[in-house]
1. So which residues in segment 34-61 are without any contact (Cβ under 8 Å) to a residue 24 or more places away in the chain, within 15 Å of N4 (Cα to Cα) and open to solvent by less than 90 Å² (accessible area, probe 1.4 Å)?
2. Whether any residue in segment 44-66 is of a type in the set (A, V, I, L, M) and part of a helix (DSSP H, G or I) is what I want to check.
3. Could you check L76 against (1) assigned to a strand (DSSP E or B); (2) surrounded by fewer than 16 Cβ atoms within 10 Å (Cβ to Cβ); (3) of a type outside the set (K, R) and say which number it fails?
4. Among all residue pairs at least 6 apart or on different chains, which show Cβ distances below 6 Å where the first residue, located in segment 8-25, is part of a helix (DSSP H, G or I) and the second is at pLDDT below 95?
Amino acid sequence: NTLNTVRDIEMIRKAINADKLHFYATSYATYIIQLYATLHSDKVGKMVLDSPVDSKRVWYQRTLDLSIGIQRGVNLWYEWVAQYD
């Protein structure tokens, strides 16, 4: 579950002897990292949460909302690649 995933991340941080972790997360991983930051705020450096999910929305609607954000990001990436090919 999500809480176990957060515990695993903290165990990894300790195992690699890192003072802080920096994150780039998309989709459901943004929820995991938000929870990690809440529980271990002193262990988080920089975070980029791309297409964050709303934890209060039901799963199906959250997925639909997320798809819109991801598609927008992909379209921007494709436009950039096309311009700088």
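The values are calculated or read from the model by the stated rules, or taken from the named source; none is laboratory data. Quick caveat, the model's predicted, so the values are computed rather than measured. FYI the Cβ positions are ideal-geometry reconstructions off the backbone, even for glycines, and counts take in every protein chain you see. Side chains are part of the model used for accessible areas, which takes the heavy atoms of the whole protein and leaves out ligands, DNA and RNA. Shrake-Rupley method; radii C 1.70, N 1.55, O 1.52, S 1.80 Å.
1. Selection gives Q34, A37.
2. At the first step, the residues of segment 44-66 found to be of a type in the set (A, V, I, L, M) are 44, 47-49, 53, 58, 64, 66.
When the remaining residues are screened for being part of a helix (DSSP H, G or I), the result is 64, 66.
The answer is yes, given that some residue of segment 44-66 is of a type in the set (A, V, I, L, M) and part of a helix (DSSP H, G or I).
3. (1)
4. Filtered contacts from segment 8-25: no entries.
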